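K.L.:
Pasting a structure below so you can have a look.
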Amino acid sequence: MRFVKRWLPILLVALLCAAMLVFCVHKKPTVRRIQERGTLLVGTTGDYRPLTYRDSTGAYHGFCIELAGLIAERLGVDLTFVPTSWPTLTQDVLAEPQAFDLAMGGISITDARCEIMAMSEGYLSNGKTILCRSEDAGRFTSLAAIDQPGVRVMVNPGGLNEQFAQQNLSQATILVHPNNEEIPALVAAGEADVMITEITEAPWYVQHEPYLAAPLLDQPFTHGEIGVLMRQVQDDLLDLVNRVIRTARSDGTLRRLSEKYGLRI
């Protein structure tokens, strides 16, 4: 009993110091933690051409990949990409411990995301549109023409494309395919009639796949912007990302990248 009484105050002080250390580490500004680590961790799906795609060697390419490089350069650190997916994106952003510092690659700015996470200023315009076979371009000229019995609409799971299809198509058959990057080829091969996609993605496939068309590219069903996604209470990192975006916009970098990848800013 005397032993317990003697050491109890010391143990309590030790526990208090440990708790304060954890609190201080957690509260350390995000930018400083990234710089001390020496690497910016960026979550990306790697399946959304031409914004983020992963080649056979495991290297990432695309508009958002190059923008991530500018953010890492501003921080003065290396850049590492961490795989994520559309169904697990929110879970991965909010994971403890953090899986990555921020996420990029065709992520739309939405009220639902901003309620529980933080998003940067927009850097690309986007909106829902479709891909179909070139021979069907005259057939699918409106959402009503798509939402017909017998029309097979393919989407990737867990993202806004699937959400849009579920909310707006009641008669067409919705097919969910796990890999977004494979869907255009499946449409071209006749495995589906229509792909719900974005105006950022559709032009790339039309340019590289002669059997595909985007007849509603200039008449998107929705209008929005793409931004950088991260946890809330990282104001210093959010401010730095926004400054990178503004600089890239003002010095012409965004325009040059958009022209390189055939995108609209």
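The values are calculated or read from the model by the stated rules, or taken from the named source; none is laboratory data. Because the structure is a prediction, the values reported are computed rather than measured. Positions of Cβ are backbone-derived with ideal geometry, glycine not excepted, and every protein chain shown enters the neighbour counts. Only protein heavy atoms, including side chains, enter the accessible area calculation; ligands, DNA and RNA are left aside. Shrake-Rupley method; radii C 1.70, N 1.55, O 1.52, S 1.80 Å.
K.L.:
Which of the residues that make up region 246-261 are over 15 Å from P203 (Cα atoms) and either of a type in the set (S, T, Y) or touching a Ser or Thr at 6+ places or on another chain (Cβ under 9 Å) (or both)?
P.N.:
Matches in region 246-261: T247, S250, T253.
K.L.:
Something else: Could you give me the residue pairs with C-beta distances under 6 Å whose first residue belongs to region 100-115 and is within 22 Å of F63 (Cα to Cα), whose second residue is of a type in the set (D, E) and surrounded by fewer than 22 Cβ atoms within 10 Å (Cβ to Cβ) wherever it lies, and which are 6+ apart or on separate chains?
P.N.:
Once the first residue is within 22 Å of F63 (Cα to Cα) and sits in region 100-115, its partners that are of a type in the set (D, E) and surrounded by fewer than 22 Cβ atoms within 10 Å (Cβ to Cβ) give I109/E225.
K.L.:
(1) modelled with pLDDT of 95 or more; (2) open to solvent by less than 50 Å² (accessible area, probe 1.4 Å): which one isn't true of G262, the others all being true?
P.N.:
(1)
K.L.:
If only one of G43, G62, G69 is on the phi > 0 side of the Ramachandran plot and either open to solvent by 80 Å² or more (accessible area, probe 1.4 Å) or at pLDDT 95 or above (or both), which one is it? Don't jump to the end; show me each part of the working.
P.N.:
Details: G43 fails: on the phi > 0 side of the Ramachandran plot; G69 fails: on the phi > 0 side of the Ramachandran plot.
Just one listed residue meets the conditions, G62.
K.L.:
Just to be sure I understand the filter: pairs with C-beta atoms under 9 Å, separated by 6 or more residues or on different chains, first member in region 202-218 and under 17 Å from T141 (Cα atoms), second member of a type in the set (K, R) and surrounded by fewer than 16 Cβ atoms within 10 Å (Cβ to Cβ). Which pairs pass?
P.N.:
Pairs found: P203/R264; P215/R139.
K.L.:
Being of a type in the set (D, E, K, R), over 20 Å from Q219 (Cα atoms) and either in contact with a Leu (Cβ under 6 Å, 6 or more places away or on another chain) or buried (at least 22 other Cβ atoms within 10 Å of the Cβ) (or both) is true for just one of D92, D111, D101. Which residue is that? Break it down into steps so the answer makes sense when it comes.
P.N.:
On the way: D92 fails: either in contact with a Leu (Cβ under 6 Å, 6 or more places away or on another chain) or buried (at least 22 other Cβ atoms within 10 Å of the Cβ) (or both); D111 fails: either in contact with a Leu (Cβ under 6 Å, 6 or more places away or on another chain) or buried (at least 22 other Cβ atoms within 10 Å of the Cβ) (or both).
None of the others qualify; the one that does is D101.
K.L.:
Right, here's the next one. Out of the residues in region 125-138 meeting the condition of being touching a strand residue (DSSP E or B) at 6+ places or on another chain (Cβ under 7 Å), modelled with pLDDT of 95 or more and not in a loop (DSSP other than H, G, I, E, B), tell me which one is surrounded by the fewest Cβ atoms within 10 Å (Cβ to Cβ).
P.N.:
S134
Residue-by-condition table, conditions (1) open to solvent by 60 Å² or more (accessible area, probe 1.4 Å); (2) assigned to a loop (DSSP other than H, G, I, E, B); (3) in contact with a strand residue (DSSP E or B) (Cβ under 6 Å, 6 or more places away or on another chain):
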residue: Q148; (1), (2), (3): yes, yes, no
residue: G158; (1), (2), (3): no, yes, no
residue: N161; (1), (2), (3): no, no, yes
residue: Q167; (1), (2), (3): yes, no, no
residue: S170; (1), (2), (3): yes, yes, no
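K.L.:
Got a sec? Which of L237, L186, L217 is under 30 Å from E96 (Cα atoms), surrounded by 15 or more Cβ atoms within 10 Å (Cβ to Cβ) and out of contact with any Phe, Trp or Tyr (no Cβ under 7 Å at 6 or more places or on another chain)? Don't jump to the end; show me each part of the working.
P.N.:
On the way: L186 fails: under 30 Å from E96 (Cα atoms); L217 fails: under 30 Å from E96 (Cα atoms).
Within the list L237, L186, L217, the selection yields L237.
K.L.:
Quick check on this structure: which one of L186, L175, L237 is more than 23 Å from F63 (Cβ to Cβ) and in a helix (DSSP H, G or I)? Reasoning before the result, please.
P.N.:
Details: L175 fails: in a helix (DSSP H, G or I); L237 fails: more than 23 Å from F63 (Cβ to Cβ).
Among L186, L175, L237, only L186 is more than 23 Å from F63 (Cβ to Cβ) and in a helix (DSSP H, G or I).
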